[in-house]
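**Q** What follows is a structure written as structure tokens; I'll ask about it next.
The values are calculated or read from the model by the stated rules, or taken from the named source; none is laboratory data. Model, not experiment: these values are computed from the prediction. Quick reminder, even Gly has a Cβ in these numbers, built from the backbone with ideal geometry, and neighbours come from all protein chains shown. Heavy atoms of the whole protein, side chains included, go into the accessibility calculation; ligands, DNA and RNA do not. Shrake-Rupley method; radii C 1.70, N 1.55, O 1.52, S 1.80 Å.
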Amino acid sequence: MASLFSGRVLIRNNSEQDELDTEAELSRRLENRLVLLFFGAGSCPECQAFAPILRDFFMRLTDEFYVLRAAQLALVYVSQDLTEEQQDLFLRDMPKKWLFLPFEDDLRRDLGRQFSVERLPAVVVLKPSGDVLTLDAADEIRRLGPACFANWQEAAEVLDRSFLQPEDLDDPAPRSLTEPLRRCKYRVDPAARGARGSGQEGEAEGEAAGLF
């Protein structure tokens, strides 16, 4: 997963704005985690409405006030703001554990094209391998809240840090009765990585066509 940002700098959304600029730092923050790429902009009304929902979703999975052990989850804000001031203002009330790209980094736009983002807000969910789990989870986060993380974690086969997976099993049994359904729901053909599938649900407001 860290390879997506290889050679780049990610910044923590804390008061010091700590920079992650080495492969070791990126790996420590991103490896063996589900990574959410949040495409948004402070000038987008739909993003302003969605941001508190996503903030609550993230904090309920990672903040020690809510959980004993943070979920294996990372979030990178991929700003589509027109100015750095808009980006800073948008991030001001967001969790300190969020990461973001420097405003001057063109990767902000390149990622939008790579993952065929056509509307804002959009949340691309990536497996630890870097493969796409879902191209836009914004609606799912709105509907299910933190409960959808368990679905993603199981579908992505993220290794829980507290347990070891069975070894030497040619065809291991599903870890729950719903796992086959989750695998089917979130299966993305490798050829479709970076391209929006034709079966996306509905059209949301705030189309961002032409942004990239």
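**Q** Given the criterion under 21 Å from Ala41 (Cβ atoms) and in contact with a helix residue (DSSP H, G or I) (Cβ under 9 Å, 6 or more places away or on another chain), identify the matching residue among Asp131, Asp81.
**A** Details: Asp131 fails: under 21 Å from Ala41 (Cβ atoms).
Exactly one residue qualifies, and that residue is Asp81.
**Q** Kindly indicate which of Ser43, Ser27 is over 15 Å from the mean Cα position of the chain (by Cα) and part of a helix (DSSP H, G or I).
**A** None of the other options fit; the residue is Ser27.
**Q** Please specify each residue of the stretch 75-119 satisfying the condition of being open to solvent by less than 70 Å² (accessible area, probe 1.4 Å) and basic (Lys, Arg).
**A** Going residue by residue through the stretch 75-119, those that are open to solvent by less than 70 Å² (accessible area, probe 1.4 Å) are 75-81, 83, 86-87, 90-91, 94-95, 98-103, 105, 107-112, 115-117, 119.
Arg108, Arg109, Arg119, listed by residue number.
**Q** Also: Go through the stretch 120-156 and count every residue that is within 19 Å of Ala2 (Cα to Cα), open to solvent by 10 Å² or more (accessible area, probe 1.4 Å) and among the aliphatic types (A, V, I, L, M).
**A** Residues flagged as within 19 Å of Ala2 (Cα to Cα), open to solvent by 10 Å² or more (accessible area, probe 1.4 Å) and among the aliphatic types (A, V, I, L, M) within the stretch 120-156 amount to 2.
**Q** Within the stretch 143-150, can one find any residue that is more than 15 Å from Leu54 (Cβ to Cβ) and assigned to a helix (DSSP H, G or I)?
**A** So the first thing to find is which residues in the stretch 143-150 are more than 15 Å from Leu54 (Cβ to Cβ), and the list is 150.
Keeping just the survivors that are assigned to a helix (DSSP H, G or I) gives 150.
Scanning the stretch 143-150 turns up at least one residue that is more than 15 Å from Leu54 (Cβ to Cβ) and assigned to a helix (DSSP H, G or I).
**Q** Same structure again: Which count do you get for residues in the stretch 38-47 that are in contact with a strand residue (DSSP E or B) (Cβ under 9 Å, 6 or more places away or on another chain) and either surrounded by fewer than 24 Cβ atoms within 10 Å (Cβ to Cβ) or hydroxyl-bearing (Ser, Thr, Tyr) (or both)?
**A** The number of residues fulfilling the criteria is 4.
**Q** Can you confirm whether Leu30 is over 24 Å from Asp139 (Cβ atoms) and touching a helix residue (DSSP H, G or I) at 6+ places or on another chain (Cβ under 6 Å)? Before the answer, list the steps.
**A** Working: over 24 Å from Asp139 (Cβ atoms): yes; touching a helix residue (DSSP H, G or I) at 6+ places or on another chain (Cβ under 6 Å): yes.
Yes, satisfied.
**Q** Residues in the stretch 158-167: is at least one within 16 Å of the chain's Cα centre (by Cα) and either at pLDDT below 95 or under 13 Å from Leu36 (Cα atoms) (or both)?
**A** Scanning the stretch 158-167 turns up at least one residue that is within 16 Å of the chain's Cα centre (by Cα) and either at pLDDT below 95 or under 13 Å from Leu36 (Cα atoms) (or both).
Let's see how each residue does on (1) of a type in the set (D, E, K, R); (2) out of contact with any helix residue (DSSP H, G or I) (no Cβ under 6 Å at 6 or more places or on another chain):
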site: Ser3; (1), (2): no, yes
site: Asn13; (1), (2): no, no
site: Val35; (1), (2): no, yes
site: Cys47; (1), (2): no, yes
site: Asp56; (1), (2): yes, yes
site: Leu61; (1), (2): no, no
